[in-house]
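Here is the structure we will look at, set down as structure tokens.
Taken together, the values in this text are just the output of simple stated rules run on the coordinates, not laboratory data. From a predicted model like this one, the values you see are computed outputs, not experimental measurements. Here the Cβ positions follow ideal geometry from the backbone for every residue, glycine too, while neighbour counts run over all protein chains shown.
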């Protein structure tokens, strides 16, 4: 179980999601991808996408307007 | 601990903004009630839009890009509610003989061209018109650039609309309630929206392989 993170700071939709998808495909099952964004729609979009794909996702608004996401890859 | 303090530091800003807006509305009400109501409505709409995180770009882009149709279906729901609201207003107006002046124009080739241009622009900019304004409010510097483009584009479009319509012509305007009557039109439109809803669900299931 490894923790990965990618830099999506300041990126507009849909770039963060595409980057996350790319990173996720190179990860093993059980690995965690950490994402941080200041874009509310990006955060929402990734959460909805992860849930639809049956990944485990945790969303936390760590400060006003900053979201911290932890995505666990549960399957290939 | 740091999380709570981050939120706490925002509280005085929030109270400050509420105070400022209340004072602004009180001040405006001294000048014109109409202006106050319009401002209050504008502020409320902006607040709801921002909190809803509704994104028209995402609704139209995500089915193709990542196979998600949640927002697309939300958009269809929005259309359904708008249709009912529009019907209610139009029907009420015709009952009381209030003339409605609507900015509704027939379709033409220029509609398609404009739609394509706007669509490309909004995906590149990451926001439709309201989305851009919301994100400027949230503090995205890049969206100010997009807003500049939006303003320039709107002015150019408005100025050149006549020549577009003249060059390409328009299809005759159709107002469905005039042909079928109000109730059948509403039923027809809701059926179309429900079909699109089912199509969107089917598309997501197919794309995500559920």
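Express the relative contact order of chain B as a whole percentage, based on alpha carbon pairs under 8 Å and six or more residues apart in sequence.
Working: 106 pairs, mean separation 56.4, N = 210.
For chain B, the relative contact order is 27 percent.
Going from the residue with the fewest nearby Cβ atoms within 10 Å to the one with the most, B:68, B:107, B:142 rank B:107, B:142, B:68. Taking only Cα atoms, what is the 0 to 90° angle, nearest 10, from helix A:15-25's long axis to the longest principal axis of chain A? Roughly 20 degrees between the two axes. Here the residues B:129, A:43, B:44, ranked from fewest to most Cβ neighbours within 10 Å of their Cβ, fall in the order B:44, B:129, A:43. Counting only DSSP beta bridges whose two residues both lie in the protein assembly as shown, roughly 80 percent are antiparallel. Measuring spread by the Cα atoms of chain B yields a radius of gyration and Dmax of 21.4, 65 Å. Be a star and scan region A:58-76 for residues whose amide nitrogen sits under 15 Å from the point 7 Å along the Cα-to-Cβ vector of residue A:27. Only A:58-60, A:68-76 fall inside the zone, counting backbone N under 15 Å. For the options B:114, B:67, B:137, a Gaussian network treatment of chain B with springs between C-alpha atoms closer than 10 Å singles out B:114 as fluctuating the most. Measuring spread by the Cα atoms of the protein assembly as shown yields a radius of gyration and Dmax of 22.7, 70 Å.
Determine Rg/Rh for region B:44-153; Rg is computed over alpha-carbon atoms and Rh is the Kirkwood hydrodynamic estimate from the same atoms.
Details: Rg = 16.6 Å, Rh = 16.2 Å.
Answer for region B:44-153: 1.02.
Taking every Cα-Cα distance in region B:2-101 and sorting them into 5 Å bins from zero, the calculated P(r) comes out as 2, 10, 10, 12, 14, 13, 16, 13, 6, 3, 1, 0, 0 percent. Its alpha carbons give region B:121-163 an Rg and a Dmax of 11.3, 38 Å. Rg/Rh for region B:127-199 stands at 1.18; both radii use Cα atoms, and Rh follows the Kirkwood definition. In a Gaussian network model over chain B where Cα atoms closer than 10 Å are linked, find which of B:159, B:135, B:73 has the largest mean-square fluctuation. It is B:159.
Label separation (residue B:65 vs residue A:59): 1.6 nm, computed from points 7 Å beyond Cα along the C-beta direction. Taking Cα atoms only, the orientation of helix B:129-138 departs from the longest principal axis of chain B by about 10 degrees.
Taken over region B:67-108, the convex hull of the Cα atoms encloses 81 Å³ per residue.
A Förster distance of 41 Å, applied to the separation of the beta-carbon atoms of residue B:37 and residue B:120, puts the FRET efficiency at 0.65.
Placing R0 at 25 angstrom, the Cβ-Cβ distance between residue A:70 and residue B:74 gives a FRET efficiency of 0.45 after rounding to 0.05. Entry note: region A:19-76 has Rg to Rh equal to 0.96, where both radii use alpha-carbon atoms and Rh is the Kirkwood radius.
With r as the distance between the Cβ atoms of residue B:183 and residue B:27 and R0 = 45 Å, compute the FRET efficiency 1/(1 + (r/R0)^6) and round to 0.05. Present the calculation step by step, with values, prior to reporting the outcome.
Values: r = 47 Å, r/R0 = 1.04.
Computed FRET efficiency for residue B:27 and residue B:183: 0.45.
Each listed q (0.15, 0.23, 0.28 Å⁻¹) maps to a log10 I(q)/I(0) for region B:8-52, found by the Debye formula over equal Cα scatterers with no solvent: -0.45, -0.84, -0.98.
Dividing the helix sum by the residues of chain A, where each DSSP H run of 4 or more adds -39500 (n - 2.57), gives a mean residue ellipticity at 222 nm of -10000 deg cm²/dmol.
As a proxy for reagent exposure, ranking B:27, B:21, B:150 by other Cβ atoms within 10 Å from fewest up yields B:27, B:21, B:150. According to the Kirkwood relation over distinct C-alpha pairs, the hydrodynamic radius of region B:25-77 is 13.2 Å.
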